[in-house]
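Step one of this worksheet: look at the structure below.
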Amino acid sequence: MGAGHAHRLYRHAHSPVHALPPHTKLAAVFAFVVVVVSTPREAVWAFAVYAVLLALVARYARVPAGFLLKRLLIEVPFVAFAVLMPFVARGERVDVLGLSLSVNGLWGAWNVLAKGTLGVAASVLLAATTELRELLLGLQRLRLPPLLVQIASFMIRYGDVITDEMRRMRIARESRGFEARGVRHWGVLAKSAGALFIRSYERGERVHLAMVSRGYAGSMPVIDEVTASRAQWSYALALPLTALVVCLLGWAL
Amino acid sequence: MGPVTAETPSLDVSGLAFAYPDGHQALFGVDFRIGRGERVALLGPNGAGKTTLVLHLNGILTAGAGSVTVAGLPVGRRHMAEIRRKVGIVFQDPDDQLFMPTVREDVAFGPAAAGIKGAELEARVRGALEQVGMADFADRPPHHLSFGQRRRVAVATVLAMEPEILVLDEPSSNLDPASRRELADILRSLDVTVLMVTHDLPYALELCPRSLILSDGVIAADGPTGELLSDDVLMRAHRLELPFGFDPRSVTTSA
Ligand SMILES: Nc1ncnc2c1ncn2[C@@H]1O[C@H](COP(=O)(O)OP(=O)(O)OP(=O)(O)O)[C@@H](O)[C@H]1O
Ligand SMILES: [Mg+2]
């Protein structure tokens, strides 16, 4: 499998979780998130069990807790939102340390916080154990619209080329004594952006020519057949299935 | 269409004329043939129509008049897939040619589009990368390679399709002298018909026993490279200049 394009969320290791085919992991995370979201918010213990399940997966994947927690910081904006809820929501209120808080808002905040954290943690685990390239293959395998997968592939491939072009244009600007300071210079920047767009567009045309020359006729040929054995599927789906049992218990109790 | 024999030329272009949609006529009746296994240079000043001609060879542009035949197969809508497999074009900028996330996938793209799978696909990819000496780079992303390495991989992407004829648009441009020589060694070692568009006249002399001069949309000369480059009148008439101090008469070529 392609070794390039290690992204910042990825953590290189050889673990049973890393070795799973990408589409089984994608399906497992998706199912896990659906189960978590459909769990009643009052079943507090269920969320604790989910957290333990994820911790187990992280251990299998040899992802250290510190790494996981640091990546969870993506979630901070949601936390801010959740913290506001008890203050602004209406309905029955309780007094905590002299502050009047809405009961409904408290539950709402808990709901967002618990489900959000679990969802983000599951995604971070997926990203930590799967390379970008593999994720794309997995999406392709899960029959996501091929056009979307192609667009994502090209973004990976040409992201650097375009950033490089941008850098060269900036160097050319600055070599001629230009420095962007304040609103007056935005016009120049806008023109550069326009030129960048045209250059990228023309490159797109040339790349398309090259693709057609090698027999491209509208769909990407399948180069790496990603297949999963029954054992690999059941291994990957153990997480959402266990979660489902917990969720059902949460509704029943 | 006659049976394909050893006599059938790899490429047969006759009476080819073409005007761009904006009315600018770039080719005015081009005629030439290239036999199987030949290495031929296509020389000519900027704007002569060389790239336009190349784009006709695999049917990206279609002739206004005249015809192109590849190994006995006419270039046209009917055989397009097969033509694209037989004619391997290496474009000038390898960043345009290498569009997949890894070298291996890029080299596999052409054969996979032709329906080759599994072990055979792997073998094709490995073979092509070995031919250009890039087998160790299979899993690297193309944009992390040096320019010369990218050019070599671009050649491999085309070799993996096992083409009848390899067409290179300015293969030596932007290469440092060592990469330029390495590419020459690779091209010499290949057992395919080669048509090489180039402004690098010493390179043409080194690699191609025969040259065509395209000028103002017609073939102005066709003959042994050494003779054409030594003909000062001809060279001046078509804006072709040898590098300072280079004398084609004093070069002995092994090709
Ligand atoms: N898309 C286009 N539309 C209109 N005219 C074009 C187009 N592309 C090329 N031409 C014109 O056709 C002529 C031949 O161009 P071509 O690119 O084939 O030249 P070339 O021999 O490859 O030149 P160079 O050595 O600079 O690469 C030129 O006069 C050019 O201006
Ligand atoms: Mg050209």
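The values are calculated or read from the model by the stated rules, or taken from the named source; none is laboratory data. Treat the numbers as computed from the prediction; the structure is a model and nothing was measured. So basically every Cβ, Gly included, is an ideal-geometry build from the backbone, and we count neighbours across all protein chains shown.
Kindly provide the set of residues from the range B:134-154 that are within 13 Å of chain A (Cβ to nearest Cβ) and among the aliphatic types (A, V, I, L, M), ordered by number. Residues satisfying the conditions are B:A138, B:L145, B:V153, B:A154. Among all residues of the range B:39-47, there is at least one that is within 16 Å of ligand 1 (Cβ to nearest atom), crowded, with 18+ Cβ neighbours inside 10 Å and outside any strand (DSSP E or B). Taking the listed residues A:A82, A:A65, A:A51, the one that is buried (at least 19 other Cβ atoms within 10 Å of the Cβ) and not basic (K, R) is A:A82, with no other qualifying.
For residues that are crowded, with 22+ Cβ neighbours inside 10 Å and in contact (Cβ under 8 Å) with a residue 40 or more places away in the chain, scanning just the range B:218-239, find the one that is farthest from B:A71 (Cα to Cα). Outline the logic, then answer.
So in the range B:218-239, the residues crowded, with 22+ Cβ neighbours inside 10 Å come out as B:225, B:228-229.
Remaining after also requiring in contact (Cβ under 8 Å) with a residue 40 or more places away in the chain: B:225, B:228.
Numbers: B:T225: 24, B:L228: 27 Å.
The residue in question is B:L228.
Considering only residues that are part of a helix (DSSP H, G or I) and surrounded by fewer than 18 Cβ atoms within 10 Å (Cβ to Cβ), which ones fall in the range A:229-243? It would help to see each step written out before you state the result.
Kept after step one, since they are part of a helix (DSSP H, G or I), are these residues of the range A:229-243: A:230-243.
Selection gives A:R230, A:A231, A:Q232, A:W233, A:S234, A:L237, A:A238, A:L241, A:T242.
For the range A:173-216, the set of residues classified as of a type in the set (S, T, N, Q) and under 24 Å from A:F154 (Cα atoms) consists of A:S192, A:S200, A:S213, listed by residue number. Inside the range B:53-96, residues that are within 15 Å of ligand 1 (Cβ to nearest atom), in contact (Cβ under 8 Å) with a residue 60 or more places away in the chain and more than 13 Å from chain A (Cβ to nearest Cβ) make up a count of 1. When A:H14, A:H23 are checked against the criterion of being out of contact with any Asp or Glu (no Cβ under 7 Å at 6 or more places or on another chain), assigned to a loop (DSSP other than H, G, I, E, B) and over 14 Å from A:N111 (Cα atoms), a single residue qualifies: A:H14. Evaluated against (1) more than 16 Å from ligand 2 (Cβ to nearest atom); (2) closer than 30 Å to B:A237 by Cβ, B:H79 falls short on exactly one condition, (2). Taking helices (runs of 4 or more DSSP H) as the structural unit, those lying wholly within the range B:89-191 and holding at least 1 residues that are in contact with a Lys or Arg (Cβ under 6 Å, 6 or more places away or on another chain), buried (at least 18 other Cβ atoms within 10 Å of the Cβ) and among the charged types (D, E, K, R) correspond to B:94-97.
Per-residue answers, yes or no, for (1) closer than 24 Å to B:L55 by Cα; (2) within 16 Å of ligand 2 (Cβ to nearest atom); (3) aliphatic (A, V, I, L, M):
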| position | (1), (2), (3) |
| --- | --- |
| B:L98 | yes, no, yes |
| B:T102 | no, no, no |
| B:D106 | yes, no, no |
| B:F109 | yes, no, no |
| B:A113 | yes, no, yes |
| B:A123 | no, no, yes |
| B:R126 | no, no, no |
| B:G133 | no, no, no |
| B:G148 | yes, no, no |
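Against the list (1) within 16 Å of the chain's Cα centre (by Cα); (2) at pLDDT 90 or above, the condition B:G148 fails is (1). Scanning the range B:26-67 for residues that are small (G, A, S) and under 16 Å from the mean Cα position of the chain (by Cα) yields B:G35, B:G37, B:A41, B:G44, B:G49, B:G59.
From the list A:A82, A:A89, pick out the single residue that is more than 28 Å from A:D160 (Cβ to Cβ) and either free of Cβ contacts under 8 Å to residues at least 24 places away in the same chain or acidic (D, E) (or both). Steps first, please.
Working: A:A82 fails: either free of Cβ contacts under 8 Å to residues at least 24 places away in the same chain or acidic (D, E) (or both).
Every option except A:A89 fails the conditions.
Among the residues of the range A:62-83, those identified as of a type in the set (A, V, I, L, M), farther than 23 Å from A:P40 by Cβ and modelled with pLDDT under 80 are A:I74, A:V76, A:A80. Residues that are at the interface with chain B (Cβ under 10 Å from one of its Cβ atoms), charged (D, E, K, R) and either more than 20 Å from B:D139 (Cβ to Cβ) or surrounded by fewer than 18 Cβ atoms within 10 Å (Cβ to Cβ) (or both) within the range A:113-164 comprise A:D160, A:D164, listed in sequence order.
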